[in-house]
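Here the structure comes first, spelled out in structure tokens, and everything after it is commentary.
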Amino acid sequence: MAARQGAEAGYGPPCRSFVQARQSRGSSHRTAAGRDAEEIYFVDDVNFELTPLASAYARARGADRMCSYGDFCALSDVCDEATARLIKREVSDGVIAPGYTPEALEILREKRKGTYCVIQIDPAYTPAPIERKQVFGVTFEQGRNEVRLDDPSLFEDIPTKNKTFTPEAKRDLIIALITLKYTQSNSVCYVKDGQAIGIGAGQQSRIHCTRLAGSKADEWWLRQNPKVMNLPFKEKIRRADRDNCINLYIGDEAEDILSDGAWQQFFTEQPEPLTREERKAWIAKNTGVALGSDAFFPFGDNIERAHRSGVEFIAQAGGSIRDDHVIDTCDKYGIAMAFTHVRLFHH
């Protein structure tokens with residue numbers, strides 16, 4: 001799992017990731033969460049203190065609540081009571097962690113009438129150096145990817161005019177690369193403030209990865225718009241219905257929940273729509289986003305799309321015959337980009 005193996009690779013803070021349909025759908029490490037963050041991630045209603053691991057869990061799941069529905073979560077540290085209490089109230093199929101406190105086990109034992117899958121991993125386990133996969137009688141094998149993604153040398157080849165990577169940008173790029181290492185190729189990952197905010201995976205074209213992940217990053221940012229934060233939901237609305245309503249409200253199908261006869265099911269009063277112009281203006285306020293790619297960007301169109309979602313820092317393998325075009329597009333927007341010379345394909 002990206003959370004545990006990423007931590008084992010040298011990235012220290014408490015981490016959490018979740019997997020849905022064999023794809024990594026979110027990852028985060030712990031940062032201080034203020035009241036606004038607690039509201040964004042729907043944990044402002046809890047009557048207990050969030051531990052570092054619980055904060056990482058809330059942030060990772062909150063990055064893409066639609067795709068995290070029915071997930072399988074991975075924790076880098078021993079699951080504590082606070083994290084277990086958050087997990088218990090979500091729709092989830094299982095959890096894997098290096099250990100569980102007695103209080104956490106007691107809570108998780110009650111989830112799904114005792115059928116919730118709880119797995120303990122051996123932190124000292126070392127995978128075999130050769131990976132094998134059999135497909136219709138043909139066995140493919142390759143050496144395991146053991147690259148350390150916190151290696152400072154990965155960020156030394158900077159071909160762009162802007163060569164400044166803040167410590168926070170390097171942290172976010174490391175998180176992006178770790179996430180991509182365990183995500184189905186082709187894939188790209190947008191990260192901000194220590195958490196993945198958009199992952200585009202399993203696409204045949206790099207630009208489609210960038211667009212998909214960018215749209216998810218935009219949705220994450222739009223969820224923080226004041227109009228969204230102040231939607232007048234009914235008091236007893238189900239968490240899944242609330243997630244779905246927000247997803248529709250910030251997209252092009254808002255009429256499905258705002259029309260007469262529909263809004264009454266979810267809201268105490270009819271909300272004002274979030275117009276296309278308002279959405280565009282709000283997305284333009286997002287800055288400081290980091291972007292990682294599991295292989296090179298073949299054309300500058302990826303950079304154009306990434307820029308629209310606030311990307312200012314990029315780490316990618318490099319090696320395209322159009323690297324010059326990609327570099328020029330970065331320079332056009334003042335983006336700092338590093339060639340890692342490392343591909344992170346995962347099939």
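When restricted to residues that are closer than 24 Å to GLY99 by Cβ, touching a helix residue (DSSP H, G or I) at 6+ places or on another chain (Cβ under 9 Å) and surrounded by fewer than 24 Cβ atoms within 10 Å (Cβ to Cβ), region 40-70 contains 7.
This table checks each residue for (1) surrounded by fewer than 18 Cβ atoms within 10 Å (Cβ to Cβ); (2) in contact with a helix residue (DSSP H, G or I) (Cβ under 6 Å, 6 or more places away or on another chain); (3) in a loop (DSSP other than H, G, I, E, B); (4) not hydroxyl-bearing (Ser, Thr, Tyr).
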{"position": "LEU86", "(1), (2), (3), (4)": "no, yes, no, yes"}
{"position": "GLY94", "(1), (2), (3), (4)": "no, no, no, yes"}
{"position": "LYS113", "(1), (2), (3), (4)": "yes, no, no, yes"}
{"position": "VAL118", "(1), (2), (3), (4)": "yes, yes, no, yes"}
{"position": "ASP122", "(1), (2), (3), (4)": "yes, no, yes, yes"}
{"position": "PRO127", "(1), (2), (3), (4)": "yes, no, yes, yes"}
{"position": "GLU131", "(1), (2), (3), (4)": "yes, no, no, yes"}
{"position": "GLU141", "(1), (2), (3), (4)": "yes, no, no, yes"}
{"position": "PRO159", "(1), (2), (3), (4)": "yes, yes, yes, yes"}
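Checked against (1) surrounded by fewer than 13 Cβ atoms within 10 Å (Cβ to Cβ); (2) closer than 30 Å to SER293 by Cα; (3) touching a residue at least 40 places away in the same chain (Cβ under 8 Å), MET229 meets all criteria but (2).
Within region 76-83, is even one residue outside any helix (DSSP H, G or I) and at pLDDT below 85? No, the conditions are met nowhere in region 76-83.
Of all residue pairs spaced 6 or more apart or on separate chains, those with beta-carbon atoms under 9 Å, a first member in region 237-252 that is closer than 15 Å to THR268 by Cα and among the acidic types (Asp, Glu) and a second member that is surrounded by 16 or more Cβ atoms within 10 Å (Cβ to Cβ) and at pLDDT 95 or above are ASP241/PHE266. Restricting region 192-221 to residues that are assigned to a loop (DSSP other than H, G, I, E, B) and small (Gly, Ala, Ser) leaves a set whose member that is surrounded by the fewest Cβ atoms within 10 Å (Cβ to Cβ) is SER205.
Restricting attention to region 222-248, the residues that are farther than 18 Å from ARG65 by Cα, of a type in the set (Lys, Arg) and in a loop (DSSP other than H, G, I, E, B) add up to 2.
Applying the criterion of being buried (at least 16 other Cβ atoms within 10 Å of the Cβ) and in contact with a Pro (Cβ under 8 Å, 6 or more places away or on another chain) to the residues of region 298-325, the residue that is nearest to PHE155 (Cα to Cα) is GLY318. Please determine whether any residue of region 120-128 is more than 20 Å from ARG305 (Cβ to Cβ), acidic (Asp, Glu) and out of contact with any Phe, Trp or Tyr (no Cβ under 7 Å at 6 or more places or on another chain). Yes, region 120-128 contains a residue that is more than 20 Å from ARG305 (Cβ to Cβ), acidic (Asp, Glu) and out of contact with any Phe, Trp or Tyr (no Cβ under 7 Å at 6 or more places or on another chain).
The values are calculated or read from the model by the stated rules, or taken from the named source; none is laboratory data. Everything quoted here is computed from the prediction, not taken from an experiment. Cβ coordinates were reconstructed from backbone atoms using ideal geometry, including for glycine residues, and neighbour counts include every protein chain displayed.
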